[in-house]
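See structure below.
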Amino acid sequence: MMAVESTSAGEAAPEAAIPALPEPKPKLSVDRIASFTEEDLLALCEATDAAIIDGGGFGWVNPPGRQVIESYFRGLLMVPEREIYVGRVDGVIVGSTQLVRPSRNNEAQAMAATITQAFVAPYARRLGLARMMAQRVEERARAMGYQVLNLDVRETHVGAIALYEGLGYVRWGEHPAYARIGGQMIAGVFFYKLLQRKS
């Protein structure tokens, strides 16, 4: 005989377990920025602050303040050799990187561009956005005819080092006195990647 669970008067019947719906995946995108909306600039400044505090805010060791960061990014838009790319999660900027073309008077290295100032805010990492930004800059450099893409990172940024090695960048050297943080000298790691396939 099958046991039947009874419920006394005033007692709530046990609810059937409802399976939890999977959380929707965040929408990731990478855009080249030619001008800033106030909303985008605010999000970029917040992401930059968070990255600096976490130890990955490019040249800054301590957050310099909103006005300084805002002036920095607005100023970049006026530098003809630089292109700014931003990474977004659900439309909100959470990271950035730059493609730097050689100056016109540098004919000897006119075939090489540089990835620099790449970061993703700590609250938006491990989603694949850093990889997307690096690939987008690489595609742009290749489309512009550059044959080499260079970059360098602090040795302490092990996630970035693994990312670039995974994307096929060749580690060619180290600088033992690359940066000074908290009174300690930090080494830098240098990479390059050949962009144009040999025919």
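No lab work stands behind these numbers, since they all come straight from the coordinates. These numbers were taken from a predicted model, which means no experiment stands behind them. Don't worry about glycine lacking a Cβ; one is built from the backbone with ideal geometry, like all the others, and counts go over all protein chains shown.
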Mean Cα-pair separation over length for the chain, i.e. relative contact order, pairs under 8 Å, 6 or more apart, %: 16
Nearest-ten-degree value, helix 38-53 long axis tilted from longest Cα axis of the chain: 90
Looking at the chain, what % of its DSSP beta bridges pair antiparallel, to the nearest 5? 90
Taking a quarter of the surface of the Cα convex hull of segment 39-98, what do you get in nm²? 4.0
Peptide ranges 19-25, 76-82 listed from the most packed, as the mean C-beta count within 10 angstrom indicates: 76-82, 19-25
Test of understanding: what is the full-extension gain from Val148 to Ala17, defined as 0.36 nm times their sequence separation minus their Cα-Cα distance? 41.5 nm
Go ahead and estimate [θ] at 222 nm for the chain from helices alone: -39,500 (n - 2.57) per DSSP H run with n ≥ 4, summed, over the residue count, rounded to 500. -8000 deg cm²/dmol
Label-point gap, in nm, between His175 and Asp54 - each point 7 angstrom along Cα→Cβ: 2.4
So, for the Cα atoms of the chain, Rg and Dmax in Å stand at 23.3, 92
Classify segment 99-157: rounded, prolate or oblate, from the alpha-carbon gyration tensor (a ≥ b ≥ c, eigenvalue square roots; a/c under 1.5 rounded; otherwise prolate if a/b is larger than b/c)? prolate
What value in Å³ per residue do you get for the convex hull of the alpha-carbon atoms in segment 84-199? 133
Once you put a point 7 Å from the Cα of Leu76 and another 7 Å from the Cα of Ser29, both along the Cβ direction, what distance in nm separates them? 1.9
